[in-house]
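The values are calculated or read from the model by the stated rules, or taken from the named source; none is laboratory data. These figures come from a predicted structure and were not determined experimentally. Don't worry about glycine lacking a Cβ; one is built from the backbone with ideal geometry, like all the others, and counts go over all protein chains shown. In case anyone asks, the SASA skips ligands and DNA or RNA and just uses the protein heavy atoms, side chains included. Shrake-Rupley method; radii C 1.70, N 1.55, O 1.52, S 1.80 Å.
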Amino acid sequence: LVRWGGINANQYSLSGHSGTNTEDGHITYADWMNYAIENDSYCGITCGIKATLDWYLDKQTFANFLEYLAGDASTTWGAIRASEGYTEPLLQKCKGLVFEFGCEVWGGDKPDDDNSPGADHNSPFDTYEEYGKWSREMATIMKNSPYYDESKIFLVYSGRYPHPGDSYGLHKKV
């Protein structure tokens, strides 16, 4: 598994990491999946959960993301991927996608410099329960996409204490 993740991923948007005008010249999500394909590996991608990002503000972003990776170049988001040079859908060529709803999400919406036990890594959620509910809702949107392939896409969450007893059933429902 090659993973686009870590705490910094909580600040990355789909719109800022796709197409030809990426934030600060960063690689795109398609570049990352192509890297996984070239290395015969599973592709791990963590979405941003910061309250100002498209992932959080627009639920359709999750369906757009799957279209971006698996849609034909004639679709809106497939055309964005094609503008990067990937004219063919990538998901079909990849071993699989492990999609993570944020990284180490916990606590409330506290400032980045807050070092208290509930510091949040840009989390807009006050509780695990809120995060779990949001993750389940976004997972449902992805699963309802015509591009969702249950044999290739694995949806996971990432809490501070991802123990099954502390997950509010999320590990069974995502």
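With respect to the conditions (1) on the phi < 0 side of the Ramachandran plot; (2) not in a helix (DSSP H, G or I), GLU67 lacks only one, and its number is (2).
Summed over region 49-105, residues that are more than 16 Å from SER135 (Cα to Cα), in contact (Cβ under 8 Å) with a residue 12 or more places away in the chain, open to solvent by 30 Å² or more (accessible area, probe 1.4 Å) and aliphatic (A, V, I, L, M) total 2.
With the condition kept exactly as written, say whether any residue in region 131-140 is open to solvent by 20 Å² or more (accessible area, probe 1.4 Å) and modelled with pLDDT of 90 or more. Checked against the condition, which is being open to solvent by 20 Å² or more (accessible area, probe 1.4 Å) and modelled with pLDDT of 90 or more, region 131-140 yields at least one hit. Is there a residue in region 143-162 that is at pLDDT 55 or above and part of a helix (DSSP H, G or I)? The answer is yes; a qualifying residue exists.
Quick one: count up the residues across region 1-24 that are of a type in the set (A, V, I, L, M, F, W, C) and surrounded by fewer than 18 Cβ atoms within 10 Å (Cβ to Cβ).
First, the residues of region 1-24 that are of a type in the set (A, V, I, L, M, F, W, C): 1-2, 4, 7, 9, 14.
Right, trim to surrounded by fewer than 18 Cβ atoms within 10 Å (Cβ to Cβ) and you get 1-2, 7.
The total comes to 3.
Scanning region 29-62 for residues being part of a loop (DSSP other than H, G, I, E, B) and either in contact with a strand residue (DSSP E or B) (Cβ under 9 Å, 6 or more places away or on another chain) or of a type outside the set (Gly, Ala, Ser) (or both) gives a total of 11. Evaluated against (1) free of Cβ contacts under 8 Å to residues at least 40 places away in the same chain; (2) under 23 Å from LYS143 (Cα atoms); (3) among the aliphatic types (A, V, I, L, M), LEU14 falls short on exactly one condition, (1).
Residues that are among the charged types (D, E, K, R), modelled with pLDDT of 90 or more and closer than 30 Å to ASP126 by Cα within region 21-60 comprise ASP54, ASP58, LYS59, listed in sequence order. Does region 25-48 include one or more residues that are open to solvent by 20 Å² or more (accessible area, probe 1.4 Å), within 13 Å of the chain's Cα centre (by Cα) and hydroxyl-bearing (Ser, Thr, Tyr)? No, that holds for no residue.
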